[in-house]
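Colleague: Would you mind keeping the following structure in view while I ask a few things?
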Amino acid sequence: MKKIYIVLCLIVSVWALQACKKNNDNPTPASTTNQNLLNTWKVSQVLEGSLDVTAEFTAYRLTLNESNGNKSFSLTDRQGTTITGNWSISTDETTLTLTPIGAADITFSNVTISVGELKYNGIIQGKTGNLTLAFTLIPA
């Protein structure tokens, strides 16, 4: 009789603990973004072909955030002007697109992401037309 009472108490205890389990009908959506991307980045190196133009980009900062599925960015260019907006990345994580508020999209190609480095190619307006630059960024 004592064993039955103990087993019955265990069953009731397990049932009571299950009843107390918190029910969350609206779970926070899981981020599908590579978490290494979510950071504030500063320039480590910028190349125009084989010419090192890093010194021209000391003010350059790129911050990528994601909160509840909303992806926002802040980009401070080489002149110190800051723009903000939303961002997206291709499913293969090789193209990063910034969509500034009230301006045309900025697309970075050949993206590679790691814990301590973000690399991509970007196009900027130069004295002789558009220039393709190879950016290497590190956490700021």
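The values are calculated or read from the model by the stated rules, or taken from the named source; none is laboratory data. No experiment lies behind these values; they were computed from the predicted model shown. Here the Cβ is made from the backbone with ideal geometry for all residues, glycine too, and neighbour counts use every protein chain on show.
Colleague: Of the numbered conditions (1) part of a strand (DSSP E or B); (2) more than 17 Å from Ser50 (Cα to Cα); (3) under 15 Å from the mean Cα position of the chain (by Cα), Lys119 fails exactly one; give the number of that condition.
Modeller: With (1) part of a strand (DSSP E or B); (2) more than 17 Å from Ser50 (Cα to Cα); (3) under 15 Å from the mean Cα position of the chain (by Cα) applied to Lys119, the lone miss is (2).
Colleague: Scan segment 13-24 and tell me whether some residue there is out of contact with any Gly (no Cβ under 9 Å at 6 or more places or on another chain), modelled with pLDDT of 55 or more, surrounded by 10 or more Cβ atoms within 10 Å (Cβ to Cβ) and closer than 25 Å to Leu98 by Cα.
Modeller: no
Colleague: Right, Thr63: surrounded by 14 or more Cβ atoms within 10 Å (Cβ to Cβ), under 12 Å from the mean Cα position of the chain (by Cα) and modelled with pLDDT under 95 or not?
Modeller: Values: surrounded by 14 or more Cβ atoms within 10 Å (Cβ to Cβ): yes; under 12 Å from the mean Cα position of the chain (by Cα): yes; modelled with pLDDT under 95: no.
So Thr63 fails the test.
Colleague: A follow-up question, please. For Ser114, only one of the following conditions fails: (1) loosely packed, with under 15 Cβ neighbours inside 10 Å; (2) without any contact (Cβ under 8 Å) to a residue 40 or more places away in the chain. What is its number?
Modeller: So Ser114 meets the others, but not (2).
Colleague: Could I ask something else about it? Restricting attention to segment 78-99, and to residues there that are part of a loop (DSSP other than H, G, I, E, B) and either among the aromatic types (Phe, Trp, Tyr) or surrounded by 15 or more Cβ atoms within 10 Å (Cβ to Cβ) (or both), which single residue is modelled with the highest pLDDT? Can you show your working first?
Modeller: We begin by selecting, within segment 78-99, every residue part of a loop (DSSP other than H, G, I, E, B); these are 78-81, 90-95.
Keeping just the survivors that are either among the aromatic types (Phe, Trp, Tyr) or surrounded by 15 or more Cβ atoms within 10 Å (Cβ to Cβ) (or both) gives 78, 95.
Numbers: Arg78: 92, Thr95: 96.
Step by step, filter segment 78-99, then rank; the result is Thr95.
Colleague: Scan segment 61-77 residue by residue and report those that are in a loop (DSSP other than H, G, I, E, B) and either touching a Phe, Trp or Tyr at 6+ places or on another chain (Cβ under 8 Å) or acidic (Asp, Glu) (or both). Please lay out each step first, then the result.
Modeller: Step one: filter segment 61-77 for residues in a loop (DSSP other than H, G, I, E, B), giving 68-69, 77.
Asp77 - this is the single residue of segment 61-77 that is in a loop (DSSP other than H, G, I, E, B) and either touching a Phe, Trp or Tyr at 6+ places or on another chain (Cβ under 8 Å) or acidic (Asp, Glu) (or both).
Colleague: Turning to a different aspect of this structure: For the list (1) more than 15 Å from Lys42 (Cα to Cα); (2) touching a helix residue (DSSP H, G or I) at 6+ places or on another chain (Cβ under 6 Å), I need the number of the one condition that Val115 fails.
Modeller: Against the list (1) more than 15 Å from Lys42 (Cα to Cα); (2) touching a helix residue (DSSP H, G or I) at 6+ places or on another chain (Cβ under 6 Å), Val115 comes up short only on (1).
Colleague: Could you list, in sequence order, the residues of segment 125-140 that are within 18 Å of Thr76 (Cβ to Cβ) and free of Cβ contacts under 8 Å to residues at least 12 places away in the same chain? Spell out how you get there, then give the answer.
Modeller: Just the residues of segment 125-140 that are within 18 Å of Thr76 (Cβ to Cβ), to begin with: 125, 133, 135-140.
Scanning segment 125-140 gives a single hit, Gln125.
Colleague: Follow-up. Six or more apart or on different chains, Cβ atoms under 9 Å: show the pairs whose first residue is in segment 82-96 and in contact (Cβ under 8 Å) with a residue 40 or more places away in the chain and closer than 17 Å to Gly69 by Cβ and whose second is assigned to a loop (DSSP other than H, G, I, E, B) and among the β-branched types (Val, Ile, Thr).
Modeller: From segment 82-96, the pairs are Ile89/Thr33; Ile89/Thr95.
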